[in-house]
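Please read the structure below before turning to the comments.
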Amino acid sequence: AQSVTQLGSHVSVSEGALVLLRCNYSSSVPPYLFWYVQYPNQGLQLLLKYTTGATLVKGINGFEAEFKKSETSFHLTKPSAHMSDAAEYFCAVSGGSNYKLTFGKGTLLTVNP
Amino acid sequence: DVKVTQSSRYLVKRTGEKVFLECVQDMDHENMFWYRQDPGLGLRLIYFSYDVKMKEKGDIPEGYSVSREKKERFSLILESASTNQTSMYLCASSPQGSRNTIYFGEGSWLTVV
C-alpha cells in the first residue's frame, strides 16, 4: 500500500523568498515520486520526478526536490518565489508493479508581492 | 507533445441523467485513468485501464463505470448522476511501467443539479 502526506494545505510566501513544500510518503516497495503543479482551471503538469539514481532532482521553473529514504520525504523547494508560481502543488507516489499514482491532498501556494 | 483531450470542459446535468465523459490520447499509451478532484481531498482514482477492454476499479468506483473499446479512447459513465458527483474529473494516460509520467487532460467540470 502507498500513501502521501503533504504537510500544510496552504503555504504563503513573499516574492523572492524560499519556497518549501513538504511531502512524506509511505510505500512497501522502492518508490517512484512525483511533483505535479496545477494552475487555476487547468489539468496537472509534471514538475519533476524521482525514479532511480541521483536523489536531488531538478525540474522545470527552477524547482527541485530531494529524495531522502531515511526520512521518507520528497520535499519541493525553489530558492526564490515568483508571482507566477502561485498554484496548487501535488506530491504523488507509485512503485513496483503498481503504476497507479497515489496523490497527496495538495498544497496551495500563494505568493505575495 | 503528449495530448490528452477531454471532450467537455463544463457540463451541467440533472439528477438521474446518464452522463458520458470522453477522453482521447494521441500517444499510443497503454494506461488510461479517470480521477476525481475535490477541494481538500486531492485526486482520487475512480477507474483505470491498462489495455483495450481491460479495466480495474480504483479507490472510489461506486456510481461510475468505464469503457475502453479503442486504445486511444477512455470513457467515464455516470449511470444515474447524483448531486454528490458534482466535481472536477481528470483523465490521464501513461506508457506501461510505474516510473513513467502520467499525463493529464485539462479536466471536466461537472455540475449535477
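Computed from the coordinates by the stated procedures, all read-outs in this text should not be read as laboratory data. Remember, it's a predicted structure, so these values are computed and weren't measured experimentally. Because the Cβ atoms are built from the backbone with ideal geometry, glycine has one as well, and the counts that use them run over all protein chains shown.
Worth a mention:
- Neighbourhood charge, 14 Å Cβ-Cβ cut-off, centred on A:A54 and excluding it, Lys, Arg +1 and Asp, Glu -1: +2
- Rh by Kirkwood over Cα pairs, then Stokes-Einstein D for chain A at 1.306 mPa s and 10 °C, µm²/s: 113 µm²/s
- Least to most buried among B:I46, A:I60 (fewest other Cβ within 10 Å first): A:I60, B:I46
- Tail weight of P(r) past 26 Å, computed on alpha-carbon pairs of the protein assembly as shown, percent: 36 percent
- Multiplying the residue separation of A:S80 and A:L108 by 0.36 nm and subtracting their alpha-carbon distance yields 8.4 nm.
- Hydrodynamic radius (Kirkwood) for the stretch A:1-43, which is based on Cα pairs only, to one decimal in Å: 13.0 Å
- In a simple Cβ point-charge model (Lys, Arg +1; Asp, Glu -1; nothing else charged), the protein assembly as shown has a dipole of about 280 debye relative to its Cα centre.
- In nm, spacing of pseudo-spin labels at B:R9 and B:D51 (7 Å Cα→C-beta vector): 3.7 nm
- Restricting the calculation to Cα atoms, every distinct pair contributes to the Kirkwood radius of chain B, found to be 13.9 Å.
- Sorted fewest first by neighbouring Cβ atoms within 10 angstrom, A:L48, B:L76, A:L108, A:L56 come out as A:L56, A:L108, A:L48, B:L76.
- In chain A, taking the dipole from charged Cβ atoms about the Cα centre, the farthest positive-side position among A:P31, A:G16, A:L46 is held by A:P31.
- A cut-off under 13 angstrom between Cβ atoms defines the neighbours of A:R22, and their net charge, with Lys, Arg +1 and Asp, Glu -1, is 0.
- Counted over the stretch B:55-105 with a bin width of 10 Å, the fraction of Cα pairs per bin, in whole percents, is 19, 51, 26, 4.
- Charge dipole magnitude, Cβ of K and R +1, D and E -1 - chain B, Cα centre, debye nearest 20: 180 debye
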